[in-house]
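> Encoded as structure tokens, here's the structure I'll be asking about.
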Amino acid sequence: MGVRIDAYAVDLPPFAAFLNTTLGDLLHRYQRDGKDPGERLMFTGVDNDDTFFASPGGSLGAWIGSGSDRHLEELTEERIRKIDALQSPAREHLSGGSIFQASWLLRGFSNCRGIDFVERLIDGQRLPWIGSVLQFAHSHLERGEYEELEHLCRRILRGATCGYKIPEGDVGFVADGLPFTPQDDADLRFGRWSQEESFAAAVLLSKLVELSPAFTPPPELIRLYAGDREWHEWAHRNVGSLLRIPSLNYSVCSVLTFMG
């Protein structure tokens, strides 16, 4: 149960326009507007080991080359203009590189001034809270409603276990309508809810909350966590975070998840 999940609500039209920005300009923007000095924004080369990074209020830097030739450089304006990778649009870079690139970008800009189209919903949480939610839902929702919620959870679990028995198998993800093409990676599974799925999840979770649920450890973990008094609060906080989706008033909302 060491696997963790991050989830972001994204307003697709402004996000698509944002991804037309070059990587160099995004590094500058994060340096200027990022809120957490301790959290770097990072990109890595698609075809090499070059790594570019920026910290809020700090300098821009890069590790260039590989092996004994690898070295640290400060990224001046002149140097940025000479590095082809930093002149490419983020859209192109995210589509050609590892899914980690998209995860890093969303994490950084979800905590950045002037960005109102990315909202971090779930921040590195372990998966069993999902099992707790499904366990309660199985007993309290109508069969069709439960099956819909279970399928939505499988969309983000991507075949991983959550402590509650659900059908095995990876249901994959649908990239239609996204402004970049995610590259699947077994080490960081990408998941997605479309706008319709995002709001369906919010409706079903709202119905659960109205029932004043008592979230308890799912069957596979009950022996380990039977006396955990904070379990309910933990699961309830995550559900509450997902219930923020309708209040964001995004024009075309998707929830993007990263699990690894």
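Read-outs throughout are calculated quantities, based only on the coordinates presented, and are distinct from any laboratory measurement. Owing to the predicted nature of the structure, the values given are computational and were not obtained by experimental measurement. We place every Cβ from the backbone using ideal geometry, glycine too, and count neighbours over all the protein chains shown.
> Tell me the net charge near TRP63. Cut-off is 14 Å between Cβ atoms, TRP63 excluded, with +1 for each Lys or Arg and -1 for each Asp or Glu.
-2
> If you don't mind, another one. Rounded to whole Hz and in sequence order, give me ³J(HN,Hα) for the stretch 144-160 from the Karplus expression 6.51 cos²θ - 1.76 cosθ + 1.60, θ = phi - 60°, writing x for Gly and Pro.
Result, rounded to whole Hz: x, 5, 4, 4, 5, 5, 4, 5, 4, 5, 5, 4, 9, 6, 6, x, 6.
> Cut-off 10 angstrom, C-alpha nodes, Gaussian network model of the chain. Which of GLY57, GLY177, GLY144 fluctuates the most?
GLY144
> So if we plug the beta-carbon distance of SER98 and THR21 into 1/(1 + (r/R0)^6) with R0 = 22 Å, what FRET efficiency do we get, rounded to 0.05?
It comes out at approximately 0.70.
> When the chain is treated as a GNM, springs tying every alpha-carbon pair under 10 Å, which of LEU86, LEU224, LEU157 comes out with the largest mean-square fluctuation?
Per the Cα network of the chain with a 10 Å cutoff, LEU224 tops the list.
> When the helices in the chain are scored as -39500 (n - 2.57) per DSSP H run of 4 or longer and the sum is shared across all residues, what 222 nm value do you end up with, to the nearest 500 deg cm²/dmol?
That calculation yields -11500 deg cm²/dmol at 222 nm.
> Most mobile of PRO217, PRO179, PRO167 per a Gaussian network model of the chain (Cα springs, under 10 Å)?
Maximum fluctuation in the GNM of the chain, among the listed residues, is at PRO167.
> Figure the gain on full extension for GLU39 and HIS138 (residue separation times 0.36 nm, minus the Cα-Cα span) and round it to one decimal in nm.
31.7 nm
> For an R0 of 30 angstrom, estimate the FRET efficiency from the Cβ-Cβ distance between ARG70 and THR181 and round to the nearest 0.05.
0.55
> Additional query: Only four residue types carry charge here, +1 at the Cβ of Lys and Arg and -1 at the Cβ of Asp and Glu. Report the dipole size of the chain about the Cα centre in Debye, rounded to the nearest 20.
Charge dipole of the chain: 480 debye, to the nearest 20.
> Round to the nearest 10 and give me the degree value, 0 to 90, for the angle of helix 128-140's Cα axis relative to the longest principal axis of the chain.
30 degrees
> Taking only the alpha carbons of the chain, what extent do you get along each of the three principal axes, in Å, biggest first?
62, 40, 32
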